[in-house]
1. Once whole DSSP H runs in the chain are found, which of them have Cα atoms spread over 15 Å or more along the helix axis and a mean Kyte-Doolittle score of at least 0.5?
2. For a Förster distance of 41 Å, can you work out the FRET efficiency between the beta-carbons of Arg115 and Asp236, rounded to the nearest 0.05?
3. Using the crude model of +1 on Lys and Arg Cβ and -1 on Asp and Glu Cβ, and no other charge, please compute the dipole size for the stretch 39-177 relative to its Cα centre, in debye to 20.
4. Between Asp93 and Leu193, what FRET efficiency comes out of the Förster formula 1/(1 + (r/R0)^6) with R0 = 41 Å and r the beta carbon distance, rounded to 0.05?
5. Determine the shape class of the stretch 27-163: with a ≥ b ≥ c the square roots of the Cα gyration tensor eigenvalues, call it rounded for a/c under 1.5, and otherwise prolate if a/b is greater than b/c, oblate otherwise.
6. Return the percentage of antiparallel bridges among DSSP beta bridges fully within the stretch 31-136, rounded to the nearest 5 %.
7. Starting from the Cα of Ser140, step 7 Å along the direction of its Cβ; do the same at Arg27; then give the gap between the two resulting points in nm.
8. Treat the chain as a sphere of radius equal to its Kirkwood radius over Cα pairs and apply Stokes-Einstein at 4 °C in a medium of 1.567 mPa s; give the translational diffusion coefficient in µm²/s, rounded to a whole number.
Amino acid sequence: MNSLLKILLFGVVGLLGYLGLAFALQRSVLFPRPPRPDRAAAEGRTDVDVSWLGPGRLVEAWYLTPIGVSDARPAPVIVFTHGNGELIDYWLDEFEMLRASGLGVLLVEYPGYGRSGGSPSEASIAQAMTDAYDYLVSRSDVDAKRIVAYGRSVGGGAAGALVRRRPVAALILESAFTSVRRMARRHGLFGPLVRDPFDTIGAVAGFEGPVLVIHGRDDRLIPPAHGRALAEGARDGELVLLDCGHNDCPRPWQEVRMFLAGQGILETPAGASP
């Protein structure tokens with residue numbers, strides 16, 4: 001075997017090895033599940049309804065009821081999906097301002113995360129989001145016409161999966177990517193090898209409702225160009241840039257509240273500004 005043939009053979013073997021590893025290990029990179037807490041943060045909370053979604057009741061979800069609201073009418077609800085290195089436990093106490101404005105919040109865990117069974121993938125997460133929506137519309141205290149999908153980071157892909165499957169009133173994307181394939185290409189991974197593409201920008205383009213995109217100007221994990229593209233790709237898009245990176249942004253509840261009030265999803269008391 002001559003030297004050129006050996007070089008070609010080693011190159012082919014190396015390429016095949018790289019492609020195999022990239023295919024096999026990518027989900028551990030995309031879904032770096034944090035350790036499960038010994039005790040669920042919602043345990044003992046009377047303002048949280050714990051549910052298990054899906055036919056096998058594998059996926060955990062927490063419904064946080066509106067607080068300090070005397071109106072007994074069905075409430076608008078945000079379906080919130082977190083980042084890939086987080087759990088719903090991390091978000092239990094983050095929504096007081098929105099809940100005090102009359103919003104309910106549903107925190108949906110990903111399959112294979114926390115106490116939820118199964119394994120995370122685009123397909124399993126999309127199914128979990130569908131089950132979460134169906135659970136909400138079955139509740140008499142939820143206004144099915146005012147359900148909002150809100151995804152942060154990889155949760156933007158989950159929120160995009162929901163708007164493809166169920167009618168929602170609005171979509172909010174925080175620090176989200178246009179697609180995993182575009183992210184993968186930045187790191188040298190061949191696009192067709194991506195197992196969970198999460199084509200968020202495609203979901204946005206097909207969504208007829210209003211879209212709020214929130215992104216950090218200094219985000220180096222998911223550059224703000226993704227946020228700009230998402231807002232520009234929406235039929236009715238609004239972009240808010242914050243002076244932060246990816247994981248250090250202050251909670252943009254004021255911007256969210258103004259957006260929802262402007263869309264008529266969240267009612268504003270007479271004489272008050274959104």
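1. Taking the DSSP H segments of the chain (at least 15 Å long, mean hydropathy at least 0.5), we get 3-30.
2. Details: r = 37 Å, r/R0 = 0.91.
Taking R0 as 41 Å, the efficiency between Arg115 and Asp236 is 0.65.
3. 400
4. Working: r = 39 Å, r/R0 = 0.96.
Taking R0 as 41 Å, the efficiency between Leu193 and Asp93 is 0.55.
5. Judged from the Cα gyration tensor, the stretch 27-163 comes out prolate (a/c at least 1.5, a/b above b/c).
6. Counting only bridges with both partners in the stretch 31-136, antiparallel ones make up about 70 percent.
7. Spacing of the two 7 Å Cα→Cβ label points: 4.1 nm.
8. Calculated translational D: 66 µm²/s.
Every number here is computed from the coordinates shown, using simple stated rules; none is lab data. Not measured: the values here are computed from a predicted model. Note: ideal-geometry Cβ built from the backbone for every residue, glycine included; neighbour counts use all protein chains shown.
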